[in-house]
């Protein structure tokens, strides 16, 4: 019987499909499995390469199958699509994954540990609650605006503004609407309290992580961004260079080149949008600090602002911070500062 060399695993909630080939690429099996059958099936297989799309639950299954001695490869979903033949179904997906996993030039995603995923769960939960807080604030503002009452922009003064309006303009808001707004304000306070609780947990993890603390020394990088970076990246040496890392974050120009004529557009916005957003927001805070402290100016940033608009310069600073993060994680050094636009680090 031929020996299995590579298996493509199409994962789902309850129904999985496996496609196995030998070293010559000939199909050995293609079958459907239930969730309860999956680990037992792979426990009876000799050690082989298992390819999966890097999607929901993929890291869990990679850890479990890795315990059985298999070499698990997680592939970005957009890289698998090129190997899909004819119509899309579970069997074709598993075959395409198996084909992509055998390509020597394929880029793989590092398998995350349980601790990494635990921290990322805190970040995802915080992001969800921040979205809910924004929705509640927008709803409160919109409903008060229907009665000619307007609140200033900013979430931190929202509850105080509502209280001041109800004290001074009680007659403008019907009793029914007033009780509804008070209910939404109480819900807003509850969401804010949960966000604060999650941020304390993230800060606690940050204080216990040497890598995260080193990243937080970079201007524009705080505990939230540093912890998210360390938990998401894992081993930064998986990226060949700082440019590859910035490209993975979607912070480099998108190329539309042909015929030897280079054409660069806006940033590609590929990869993890949450990390990219944190980096850009941090870079914008650096720009605000730069404008507010004329006695502490950075010449290289002044030169950048003379050539580019503020938001474009902020993305450039985010790209610079991303490359600095890669350097610190791969070399184990600490951030010292900038000199003529160059990043200075020390061991």
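Structure notes:
- Taken together, the criteria place residue 301 among residues that are at pLDDT below 90, in contact with a helix residue (DSSP H, G or I) (Cβ under 6 Å, 6 or more places away or on another chain) and either farther than 30 Å from residue 115 by Cβ or not in a helix (DSSP H, G or I) (or both).
- Test: residue 98 is in contact with a strand residue (DSSP E or B) (Cβ under 7 Å, 6 or more places away or on another chain) and not in a strand (DSSP E or B): yes
- Flag not set for residue 121, criterion: part of a helix (DSSP H, G or I), more than 20 Å from residue 271 (Cα to Cα) and without any contact (Cβ under 8 Å) to a residue 40 or more places away in the chain.
- Looking only at region 194-227, residues that are surrounded by fewer than 20 Cβ atoms within 10 Å (Cβ to Cβ), without any contact (Cβ under 8 Å) to a residue 60 or more places away in the chain and either in a helix (DSSP H, G or I) or in contact with a strand residue (DSSP E or B) (Cβ under 7 Å, 6 or more places away or on another chain) (or both) come to 9 in all.
- Single residue of 286, 191, 230 found to be outside the structural domain of residue 310 (by TED's automatic domain parsing) and part of a helix (DSSP H, G or I): 191
- Positions within region 244-282 being in a loop (DSSP other than H, G, I, E, B) and either touching a strand residue (DSSP E or B) at 6+ places or on another chain (Cβ under 7 Å) or farther than 18 Å from residue 79 by Cα (or both), in sequence order: 250, 251, 252, 256, 257, 259, 260, 262, 263, 268
The rows are residues; the columns are (1) surrounded by fewer than 21 Cβ atoms within 10 Å (Cβ to Cβ); (2) modelled with pLDDT under 85.
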| position | (1), (2) |
| --- | --- |
| 243 | yes, no |
| 248 | no, no |
| 264 | yes, yes |
| 282 | no, no |
| 287 | yes, no |
| 306 | yes, no |
| 312 | yes, no |
| 316 | yes, no |
| 325 | no, no |
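- Test set (1) assigned to a helix (DSSP H, G or I); (2) farther than 30 Å from residue 336 by Cβ; (3) without any contact (Cβ under 8 Å) to a residue 60 or more places away in the chain - residue 152 fails condition number: (1)
The values are calculated or read from the model by the stated rules, or taken from the named source; none is laboratory data. All figures in this text were calculated on a predicted structure; none of them were measured in a lab. Cβ coordinates were reconstructed from backbone atoms using ideal geometry, including for glycine residues, and neighbour counts include every protein chain displayed.
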